[in-house]
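Step one of this worksheet: look at the structure below.
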Amino acid sequence: MENDQMISPTDIITGIVYIDGELAMLTLTADGELRSTENGLRHSLSMKKDVLGFVVQGKRIRVKAVVEKDEGICCGRFSGDFVRKDLVFEPLIDQNGWCDSLRQYLDSLGRPKRLLVFVNPFGGKKSAREIFDKEVKPLFDDADVQLEIQETKYQLHAKEIVKSIDVSNYDGIVCVSGDGVLVEVVNGLLERADWRTALKLPIGMVPAGTGNGMIKSLLDTVGLQCCANSATISIIRGHKRSVDVATIAQGNTKFFSVLMLAWGLIADIDIESEKFRWMGSARIDFYALQRILCLRQYNGRIIFLPAPGFESYGQPASCSLYKEPTVSDKALGYQGPDTKFEDLEWKEINGPFVTIWLHNVPWGAENTLTAPAAKLVLLSLMRQLSSGTHVESPYIAYLKVKAFVLEPGALIDEPGKEGIIDSDGEVLARGKRTYNCDKKALMSYDKLQITVDQGLATLFSPEY
């Protein structure tokens, strides 16, 4: 045997197999490379990065794998970053040995094997079920992941379910939806008596709604498209990262946010555009143009604790955050971060404001709009959002904060009309004479505070 085919003592298994009717040397190395040599040519697949799973087909073993596709290649109706690259081989001997070695290596990666999947059939263009059936489920099947599928039937349905599930039955939760179901899941887990244990359960997102801001932020960071293909493969690989959770409080009432809080223009666009939901994500851009051409300005005040490097913004202010009396976690679940801010140097900025937008992640949606400015400037800033250069505009104050208080006011030119406060796509408060103001909201249109607990929740994420 030639030196380039010598068996390493660290190889897990090696042997002669048939590949496409030709004899080949196949090796599973200790570092997880599945290498074949046939007719002098070498090929390899990474068990960690490429291989989803395998299945026995008679005498043959099919290793189901995906690789990043070359730019310009189109694969079927749905877009994505990956294409199939299965390896089919027939061992001359010891098929069971190959199966055991492949299974043991895949099991050692700590990938999820049991997932609770929420499918929201009402989000975006109402295509979540089709996306799940055609793109998501086949990939999970290839990875031999057991799925418990729950189709959400009404708002807060997912929250109700996660508040009562036995978290030990699952390795994670997946939301085939927009950002709304993700937020429901996080809030449901935080309201459990065992929230500390429940929050260790990672949450994965597959974009199938209007917003998709969280999964866009995760995938875009590593250069992947915001699509079901890339999102599902990231979940299967099982990499995780922590994410901050913001507690938005008004007295004893709380809402837990992982994405954003908006007031003014951004909230108006997000919520008032609901009347055009049949347009899918295009409703945001369509209604944004209408709102910019008829721009509103709001009275109000913001008080904030600046992060290092942003102390020059605003004027000195005093602030005392509301704190509830000490209660047991068992009785009420997570109560927000236990942080003392009273003796620190708070700042304030007074209106008028076009919009206030607090963000926990870079993207509010796949196609988003933010920039407090005049009409023509806002229209030009729309083109800059994908690169992030809008924050360099003199019409925008961009700063980082540790804690934040919002005191919303009425419209400047219509004192009898107020605004909407929106967090993660859900209405927190509706002021006087706003869109659907007769609907009950979680909070009143009044002062509220936002504090952050770093790294509180866990998400499935591509590897950074």
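The values are calculated or read from the model by the stated rules, or taken from the named source; none is laboratory data. The shown structure was predicted, so the numbers you read here are calculated from the model rather than taken from an experiment. Don't worry about glycine lacking a Cβ; one is built from the backbone with ideal geometry, like all the others, and counts go over all protein chains shown. Protein only, heavy atoms only, side chains kept; ligands, DNA and RNA dropped before computing areas. Shrake-Rupley method; radii C 1.70, N 1.55, O 1.52, S 1.80 Å.
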Quiz item: Is the shape of the stretch 180-258 rounded, prolate or oblate, going by the alpha carbon gyration tensor and its root eigenvalues a ≥ b ≥ c, with a/c under 1.5 for rounded and a/b larger than b/c for prolate?
Solution: prolate
Exercise. First select every other residue whose beta carbon is under 10 angstrom from the beta carbon of Leu116; then total the charges, Lys and Arg +1, Asp and Glu -1.
Key: -1
Practice problem: Order the following by accessible area, largest value first: Ile149, Ile271. Probe radius 1.4 Å; ligands, DNA and RNA are ignored. | Solution: Ile149, Ile271
Exercise. Taking H placed 1.01 Å from N in the peptide plane, check which residues at least 5 places from Val206 or on another chain put their amide H under 5 Å from its amide H.
Key: Cys175, Val176, Ser177
Quiz prompt | Between the stretch 408-464 and the stretch 88-132, the Cα center-to-center distance that results, in Å | solution = 39 Å
Quiz item: the stretch 13-108: Rg/Rh from Cα coordinates, Kirkwood Rh?
Solution: 0.99
Quiz item: Per the Kirkwood definition applied to all pairs of different Cα atoms, how many angstroms is the hydrodynamic radius of the stretch 114-238?
Solution: 14.3 Å
Exercise. Starting from the residue with the highest accessible area, list Cys175, Cys437 in decreasing order, probe 1.4 Å.
Key: Cys437, Cys175
Exercise. Starting from the amide H of Glu151, placed 1.01 Å from N in the peptide plane, find each other amide H under 5 Å away whose residue is 5 or more places distant or on another chain.
Key: Val119
Quiz item: Taking the Cα centre of the stretch 114-238 as origin and charging only Cβ (+1 Lys, Arg; -1 Asp, Glu), how large is the dipole, in debye to the nearest 20?
Solution: 260 debye
Quiz item: Straight-line reach from Lys400: which lysines have Cα under 24 Å away, leaving out those fewer than 8 places along the same chain?
Solution: Lys216, Lys254, Lys323, Lys340, Lys347, Lys447
Quiz item: Dipole magnitude of the chain about its Cα centre, charges +1 at Lys/Arg Cβ and -1 at Asp/Glu Cβ only, in debye to the nearest 20?
Solution: 1200 debye
Quiz prompt | Environment charge at Tyr170 (Cβ cut-off 13 Å; Lys +1, Arg +1, Asp -1, Glu -1) | solution = 0
Quiz item: From the residues Leu23, Ser234, Gly364, which one has its Cα farthest along the dipole of the chain in the positive direction, the dipole being from +1 and -1 charges on Cβ of Lys/Arg and Asp/Glu about the Cα centre?
Solution: Gly364
Self-check item: Solvent accessible area, Å² - Met260, 1.4 Å probe, full protein context
Solution: 20 Å²
Practice problem: May I ask which residue of Val185, Pro337, Val405 lies farthest towards the positive end of the charge dipole of the chain, with charges of +1 (Lys, Arg) and -1 (Asp, Glu) on Cβ and the Cα centre as origin? | Solution: Val405
Self-check item: Kyte-Doolittle mean at least 0.5 and Cα axial length at least 15 Å: DSSP H helices in the chain
Solution: 179-190
Quiz item: Which value in nm describes the separation of the simple spin-label points at Ser320 and Asn350, placed 7 Å from the Cα toward the beta carbon?
Solution: 2.2 nm
Quiz item: Using a probe of 1.4 angstrom, how much of the accessible area of the chain is carbon and sulfur, in percent?
Solution: 49 percent
Quiz prompt | Exposure rank, largest accessible area first [Phe404, Phe54; 1.4 Å] | solution = Phe54, Phe404
